[in-house]
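First comes the structure, then the notes that go with it.
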Amino acid sequence: MVHELQKIKELADEIKKFLKIHDLDGEYVEHISETQQPGNPIPELEEVMGNGALRYDLICFLSYRTSVMQNTNDRWWGKSLIEDLDEMDTVPKTGCDKEKESIAWDMAGLLKDLDYFKYAGYMKTGDHDIDPVRRIYTELTIPEKRQEMVEYLTRFLQTEHGDRIMSMVSSLQALDMEDTKENIKTGHPPCRNMR
C-alpha cells in the first residue's frame, strides 16, 4: 500500500527519472500546465500523485507515452510505474493486513459520521476515497498527531458515536504503546514520516 510519504517520494523520484531518461519531462510539464487554471503554479509530482484526478491524468499520460515506445524494457518500466500509481487507488477498505491502514480507514469513516468538516480538512479537490485516508494514515505515524486526535475525539464521547470513539481511542493508544516498546527495544524513537 502506497500510504507512506517516503514511498510516494520514492515513486515520484522513479517517475521523474523515467520522464527525464525518455525526454518526456518537458512534455509532461506542458501537458500538466494545460490542465491548470491560468496563474496557478504547476503542481509538484508528489502533489500530483496525492490527488486522485491529477494522478489519473498522470496515468493516462504515461500509458499513452509507454504504449508507443519501441524498446520492450522501456515499456515494461513504464507499465510498472503505472501499476504502482494504480495501486494507490486500489487499497482494500476492509481486511487490511496492517493495523495502521485499518485504523486509518476506520478513522475516516468515524470522522465522516462525527464531524464531516474535520474529515473535509483531509480532502482536496479531485481526491479519490483513498487520498484523505492516506493523509490520515500519515498523521497516525506521528505520536503527537495521534494524541491531538485522541483529545479531539474525547470531546465527542457523550454523542451517539461514543462506543466507536472509545474503540478508536483504544486503537490509537495501542499504537502509542507499540511505539514505546519499539523505542525501548531499539533505544531510539521509531522512524516516522513528517508532513
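The values are calculated or read from the model by the stated rules, or taken from the named source; none is laboratory data. Please read all numbers here as calculations on a predicted model, not as lab measurements. What goes into the accessible areas is simple: the full protein's heavy atoms, side chains included, and nothing from ligands, DNA or RNA. Shrake-Rupley method; radii C 1.70, N 1.55, O 1.52, S 1.80 Å.
Computed quantities for the displayed model
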{"item": "Solvent accessible area, Å² - Thr72, 1.4 Å probe, full protein context", "result": "90 Å²"}
{"item": "Whether the stretch 1-135 is rounded, prolate or oblate, judged on the alpha carbon gyration tensor where a/c under 1.5 counts as rounded", "result": "oblate"}
{"item": "Accessible surface, per residue, of the stretch 110-171 when the full set of protein chains is kept, probe 1.4 Å, Å²", "result": "53 Å²"}
{"item": "Of all accessible heavy-atom area on the stretch 1-49, the percent that carbon and sulfur account for (1.4 Å)", "result": "50 percent"}
{"item": "From phi via Karplus (6.51, -1.76, 1.60), per-residue ³J(HN,Hα) for the stretch 160-175 in Hz, x at Gly/Pro", "result": "5, 9, x, 5, 5, 5, 4, 5, 5, 4, 4, 5, 5, 5, 5, 5"}
